[in-house]
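Colleague: Supplied in structure tokens, the structure appears directly below.
Any read-out appearing in this document is the output of simple, stated calculations on the displayed coordinates, not a laboratory observation. Please read these numbers as outputs of a predicted model, since none were measured by experiment. Every residue, glycine among them, receives a Cβ derived from its backbone with ideal geometry; neighbour counts consider all protein chains shown.
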Amino acid sequence: MSLLDLIVRRGIAVKSKRLFFVFSLFCSAAVFDGASAASLVVSPISLEAAAPQQTVTITLRNSGNRPINGQVRVFVWRQEHGEDVLEPTQNVVCSPPMAEIGPGAEYTIRVVRIVEAPIAGEESYRLVVDEIPDATMRRNGIIAVALRYVIPIFFYEETRSQPRLSWFVTNRDGGRFLVAKNEGDRRAKISALSLNGKPIANGLAGYALGHSERRWKLPGKFDLRDGKVSATVDREFISVVAKPR
């Protein structure tokens, strides 16, 4: 599985009560003179659980030779106007949310859905795992390269419906977009996406969550007409026509 499954190279909007914050989500493996390479390793890189299971686990491993601190947070994940939006949630919690991991050691984090309401279809969350830079190293003039992992989590009921995608091109919000609309319960993972032979994303293009839309902005001069969409959806190649709307 590609690192693009867990690293979002663009910003994701994170919504609080009145403010939108943008996380610059990245993963850097660069090593500099007098620098400490990031050493946090996380597995697995996606999580899911079928009801009535309410708990999944993730392992943090320190591949370096110094102790590190990891922070784990969970956000509900939805799509609004075709874009990914993350919101703080109390429905799913991490235990513990912080961990100190010794050199070569591992630490298991439990991710628990604590809300009593039954799952309807599929619920989507994102787990954000940060390696916290060592302040002592910074004071000593050492550049600490930190990692951030952004991992999808899905809780679902066994009777959820499969993805049902329809594709169209449209003018919205002052731009032209290719849109994938998912009328099923289960998310659809989309990669190697192109329109009329022109690549939109060579690797992971994103997810179309259940009963949601995912959109991709097209070049300004793109002719708004029928287009041929080619992509890999959940490991299956598709070739369909996207009509204008």
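Colleague: Treating each Cα of segment 165-244 as an identical point scatterer and ignoring solvent, apply the Debye formula and state log10 I(q)/I(0) at q = 0.14, 0.19, 0.24, 0.27 Å⁻¹.
Modeller: Taking Cα atoms of segment 165-244 as identical point scatterers yields -0.40, -0.75, -1.20, -1.46.
Colleague: Nearest 5 percent is fine: what portion of the DSSP beta bridges confined to segment 165-244 is antiparallel?
Modeller: Numbers: 32 of 34 bridges.
Of those bridges, close to 95 percent are antiparallel.
Colleague: Cross-link partners among aspartates and glutamates for Lys189, C-alpha distance below 12 Å, same-chain residues fewer than 8 apart left out?
Modeller: Leaving aside aspartates and glutamates fewer than 8 places away in the same chain, those within reach of Lys189 are Asp5, Asp234, Glu236.
Colleague: Let me ask something additional. Give the order of Ser212, Ser239, Ser63 when sorted by the count of other beta carbons within 10 angstrom, beginning with the fewest.
Modeller: Ser239, Ser63, Ser212
Colleague: Give me the net charge of Val56's neighbourhood, meaning all other residues with Cβ under 12 Å from the Cβ of Val56; Lys, Arg count +1, Asp, Glu -1.
Modeller: Once positives and negatives cancel, what remains is +1.
Colleague: Further question on the same structure: Between Gly64 and residues 5 or more places away or on another chain, which pairs have amide H atoms under 5 Å apart, with H built 1.01 Å from N, and which residues are they?
Modeller: Answer set, sorted by chain and number: Gly104.
Colleague: Residue by residue through segment 64-69, which ³J(HN,Hα) values in whole Hz follow from phi under the Karplus form 6.51 cos²θ - 1.76 cosθ + 1.60 (θ = phi - 60°), with glycine and proline marked x?
Modeller: Going residue by residue, I get x, 10, 10, x, 10, 10 Hz, with x marking Gly and Pro.
Colleague: Moving on. Going by the alpha-carbon gyration tensor, a ≥ b ≥ c the square roots of its eigenvalues, is segment 89-245 rounded (a/c under 1.5) or, if a/c is not under 1.5, prolate (a/b greater than b/c) versus oblate? Working shown, then result.
Modeller: Values: a/c = 2.79, a/b = 1.56, b/c = 1.78.
The shape class here is oblate.
Colleague: Could you work out the relative contact order of segment 150-191? I mean the mean sequence separation of Cα pairs under 8 Å and 6+ apart, divided by the number of residues, in percent.
Modeller: 39 percent
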